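Q: If you scroll down you'll find the structure; I have some questions about it.
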Amino acid sequence: MPSHRVTQQYKRQKLEENREKKNEYQRQYRISRREAYNKSQALLMRSRLSQYQRGQKSQIEIRRMRRKNQEAVTRHRQISPETLNLKRKVAKKVWDRCVKDYESAIREYHTHVCNCCGRLFKFSQLHKESKTNLMKKGLSKTFLEKVQCVKDCEESKFCITCLKDIRKNIVPKLSLSNGLDFPVVDEKILKLNRIEERLISARHVFQTLWTVKGPTGQFKTKGGIVNVPVEVDNSISVLPRPLNDSNMIHVRLARKMEYVKDYMSGIVRPKLLFDAAKALVKKPLAIQENITLSINWESENQFFRNDFETDFDSEFYVSNSIHETMLVSNQDVSFTGMAENGLRMAPAEGFRPTGVLFDDSCEYLAFPQVFGGYQMNPMYNDKPIPYADFAKSMAMRYDRRVAERGDLLLFIAKKLELLRLHNNIGICLRKKSSNTNPHRCFLHPISPHVHMLLWLENAPQFGTSSSKQICQFVDSIISCDSNDIPSDLAIIQTHAHSHTCKKKNGSSGCRFDIPYFPMNKTRILHPQSNDDQSEREQKHYRNIDRETQHNL
């Protein structure tokens, strides 16, 4: 037992001695390294000082070299493997977070409705606000009922634009209560297709539309828009009377009958079309525009009874009628007979187009399925809302009746473009001309120059003074000698023939008639009449002209 204790004590003693030796070795190593570093730094500073004393390097250059060494050490530490791995990890985390935010933003559609303006936003763009909190801020119940246009509820979602005005007890500009809410459209009008809608429209809007990248792409437009007022009664009365709701005819619409291509074509159901027209003429806008419809339409078109007793198994229609041209003396609408290609008509032919900017109810009469025969008059603070804000509200509305119509969106965009152009022209026309002298210019802020002739006072006049006085006066201020002007300016003012000089005349000569006839002094040339010239003089002039053209 005692021997075991001695052994353990001996081991501990040896470990302590080894630890002390190791610490001593490390201390000596650090001292030697420090001494070596100090020695190298001293040698370096001694060499720099000697270079400085010998004039080889200045103190500024020595500091610059020291700064470069420090930057190199810092750069080495930055690109060390541990630092690069850490940077890669941080960059990967940032990238993963950006990808996650991007994917979540894609999944978040504009499907949430502002309860005031009715526009669609993302969920993150709307702010919840309860009616109780708003009433605590001093807002009345009547005011809250006015701004809660979409749905009257306890907790509403508002966009930031509307919420700022609501908190200030102000009705927002794009609130639906300002007359921006869409009217209710009759169900009979909603059942119509595009060509049937065109036939009951009191305004025919002609615009060129294409689809981008195939038939399923987005729409684009090119050129202007032609707005033509038409008579709805004349367009509908041309159609034959149907026996039941299942009868259909193929109709082709053209801008003019002389045009080969059709503007629009499709299947028309006369019964549904006439029912929708009867509902449309009862609307306020139709009454305001004096749009009427013939009540005896069904009795006037009974002679088509036998021609339309045909079954339709698809949208393609084959007529049983004979090839003839239908002529109706009391109608202003141009059309052709019911052949295999259907009924071709041009309701807008013979009517004078009206400017889009001068027709206030153009879009309301041209798109009855959107506005239903009503005219919208949005007002804000007893002033009409600008058309740009009105268009923005319609395009972003939760009611997608405007957003789903590419032709209406392009019509609105074209009208906005015309309005901006019209307003800018009006501003330019209201500008007044300045009273300042336009001939005074400044090459620099302190070097003005004036475009005017300052040496023509008491000058001889042509017709009253003699030719000699005029020539002497001209020679005193004008010179054709190149020695009187600098050489660089003489090179610029000397004509050099280019390829455009003889482009039209060919080899006949310069189109500027250069070179001109030289003269030794200034002369005034008067035109000579044929009576004063003898045959010999005329021949002499022709020879001179021929030789001149030959020498060019």
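Q: When region 153-190 is examined, which residues are found to be farther than 16 Å from MET394 by Cα, of a type in the set (A, V, I, L, M, F, W, C) and assigned to a loop (DSSP other than H, G, I, E, B)?
A: Once the filter is applied, which keeps residues that are farther than 16 Å from MET394 by Cα, of a type in the set (A, V, I, L, M, F, W, C) and assigned to a loop (DSSP other than H, G, I, E, B), region 153-190 yields CYS153, ILE170, VAL171.
For every residue, the table says whether it meets (1) modelled with pLDDT of 70 or more; (2) surrounded by 10 or more Cβ atoms within 10 Å (Cβ to Cβ).
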position	(1), (2)
GLN53	no, no
LEU84	no, yes
LYS87	yes, yes
SER104	yes, yes
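Q: Whether any residue in region 276-286 is surrounded by 18 or more Cβ atoms within 10 Å (Cβ to Cβ) and modelled with pLDDT under 85 is what I want to check.
A: No, every residue in region 276-286 fails to be surrounded by 18 or more Cβ atoms within 10 Å (Cβ to Cβ) and modelled with pLDDT under 85.
Q: Going through region 191-219 one residue at a time, which ones are under 18 Å from LEU343 (Cβ atoms), not hydrophobic (A, V, I, L, M, F, W, C) and not in a loop (DSSP other than H, G, I, E, B)?
A: ARG194, GLU196, GLU197, ARG198, HIS204
Q: Moving to a separate point now. Cβ-Cβ below 7 Å, separation at least six or inter-chain, first residue in region 473-490 and assigned by TED's automatic domain parsing to the domain that holds MET519 and modelled with pLDDT of 70 or more, second in a loop (DSSP other than H, G, I, E, B) and surrounded by 10 or more Cβ atoms within 10 Å (Cβ to Cβ): which pairs?
A: Correct list of pairs: PHE473/ALA459; PHE473/PRO460; VAL474/THR522; ASP475/THR522.
Q: Which ones in region 372-392 are out of contact with any Pro (no Cβ under 8 Å at 6 or more places or on another chain) and outside any loop (DSSP other than H, G, I, E, B)?
A: Within region 372-392, MET379, TYR380, LYS383, TYR387, ALA388, ASP389, ALA391, LYS392 meet the criteria.
Q: So ASP262 ticks every box in (1) at pLDDT below 85; (2) surrounded by 15 or more Cβ atoms within 10 Å (Cβ to Cβ) but one. Which box is left unticked?
A: (1)
Q: Hey, could you check region 526-552 for residues that are more than 60 Å from the chain's Cα centre (by Cα) and assigned to a loop (DSSP other than H, G, I, E, B) and say which is modelled with the highest pLDDT?
A: Here the residue is HIS526.
Q: Just give me the residues in region 120-146 being out of contact with any Leu (no Cβ under 7 Å at 6 or more places or on another chain) and part of a strand (DSSP E or B), in sequence order.
A: LEU120, PHE121, LEU126, LYS128, SER130
Q: Criterion first (aliphatic (A, V, I, L, M) and at pLDDT 90 or above) does ALA346 satisfy it?
A: Here the answer is no, as ALA346 does not meet what is asked.
Q: Return yes when VAL232 is under 22 Å from MET376 (Cα atoms), at pLDDT 90 or above and in the same structural domain as GLN369 (by TED's automatic domain parsing) and no when it is not.
A: In short, no.
Q: May I pose another question? Would region 124-136 turn up any residue that is out of contact with any Asp or Glu (no Cβ under 8 Å at 6 or more places or on another chain), among the basic types (Lys, Arg) and outside the structural domain of ARG397 (by TED's automatic domain parsing)?
A: Checked region 124-136: at least one residue is out of contact with any Asp or Glu (no Cβ under 8 Å at 6 or more places or on another chain), among the basic types (Lys, Arg) and outside the structural domain of ARG397 (by TED's automatic domain parsing).
The values are calculated or read from the model by the stated rules, or taken from the named source; none is laboratory data. Quantities reported herein were computed from a predicted structural model and do not represent experimental measurements. Positions of Cβ are backbone-derived with ideal geometry, glycine not excepted, and every protein chain shown enters the neighbour counts.
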